[in-house]
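Colleague: Before anything else, here's the structure in question.
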Amino acid sequence: MSALTTAVSRQRYSHPLMAFVLRRLAIGVLLVFLVSILVFGATQVLPGDAASAILGRSATEAQKEIYRQELGLDRSIPSQYWSWISGVVQGDLGKSLASGEPVTSFISQRIGNSLILALVTMIVLVPISLALGVWAGIRRDRTADHLISSLSLGLIALPEFVIGTLLIASLAVSLGLLPPTSIIEFGQSPLTSPSLLVLPVLTLCLTAAAYIIRMMRAGVVETLNADYVHMARMNGVRERRVIWNHALRNSLAPTVQVLALTMQYLIGGLVIVETVFAYPGLGQGLVQAVTARDIPTVQGVAILLAAIYIFINIIADLLVVLLVPKLRTSL
């Protein structure tokens, strides 16, 4: 019985796809460790002094020194890093220097708002971007293609804060259709006031849609020019079936990577957009923590965002392998 169990276990872990997943997870853990070193090192070179930022200008040098000792800032850098990373592994991200509450509580209070903003953005962004990309690819070199391509190219040149500012000036200030900020009361869900989400979501969608549209268009154009598509058309297969069964599926593999990059972009884009619209999410909280030199909060939020970034990349690689059968043969 034990021999049979061992054989089944060996067969399971020798499966190419399972081995690929385990390799990617191992690389992901290694990357998180390297990022933790970079995050810790970056917080050590932030300008100013944490004790001075927390205690204020009226504090004496003796008070500041006592506070540094309480925080462990007087210890060596390797000792501080080991203490911090040991807590991270155990789920303890330390305490906020500004509020005194655990960093995990700070994150839990804000991560829901950021997830809602990101989820609503993806729900709006993905179908519209894919549809426009497919339409532009099908209508290659026609008016619709030129219009969609020109608009997407123009959006690529505009950063988030510019688009956000233009939307505030036009839709909120000039027309008065929407609130210029997305301030939400503590403990209140953003979904209770959907109008507060419109401008942040629209800003993120306009910024990220261009990449998905252009990649989907390129994939559709390349697929429609493939030999097997020409053969299907010569055999009398209806154009709608050619597009759905051949063009779309084979164009999705590279688009999945772009979607993953878009989701990863949202992690960084949320920081800017949440700050522009005063939206109480992780991004705005990270900016406030950096301003206050709240080192434990900065470290905790940064390592969490990095872990999410790496996890999304692993999921995208797995989906691409599942979508393209020939990739599985090379594992």
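Every number here is computed from the coordinates shown, using simple stated rules; none is lab data. Treat the numbers as computed from the prediction; the structure is a model and nothing was measured. Cβ coordinates were reconstructed from backbone atoms using ideal geometry, including for glycine residues, and neighbour counts include every protein chain displayed.
Colleague: Test of understanding: what is the full-extension gain from Met231 to Ala26, defined as 0.36 nm times their sequence separation minus their Cα-Cα distance?
Modeller: 69.5 nm
Colleague: What residues have an amide H closer than 5 Å to that of Lys95, excluding those fewer than 5 places away on the same chain, when H is modeled at 1.01 Å from N in the peptide plane?
Modeller: For Lys95, the qualifying residues are Val103.
Colleague: Another question about this same structure. Note the full-extension length gain between Leu119 and Leu319 as 0.36 nm times their separation in residues minus their Cα-Cα distance, in nm to one decimal.
Modeller: Going from the current span to full extension adds 70.1 nm.
Colleague: Determine, from the Cβ-Cβ distance of Ser174 and Ala131 and an R0 of 25 Å, the FRET efficiency 1/(1 + (r/R0)^6), rounded to the nearest 0.05.
Modeller: Once rounded, the FRET efficiency stands at 0.25.
Colleague: When the chain is fully extended, how far beyond the present Cα-Cα distance does Glu222 get from Gln90, taking 0.36 nm per residue of separation?
Modeller: Here the segment from Glu222 to Gln90 would lengthen by 42.6 nm.
Colleague: Ala278 versus Ser76, label points 7 Å from Cα toward the beta carbon: distance in nm?
Modeller: 4.8 nm
Colleague: Separation between the Ser83 and Glu65 pseudo-spin-labels, each 7 Å from Cα along Cα→Cβ, expressed in nm?
Modeller: About 1.8 nm, to one decimal.
Colleague: Here's another thing I want to ask about it. Under a crude label model (7 Å from the Cα following the beta-carbon direction), how far is Ile111 from Leu153 in nanometres?
Modeller: Each label point is offset 7 Å from its Cα along the Cβ direction, giving 4.2 nm.
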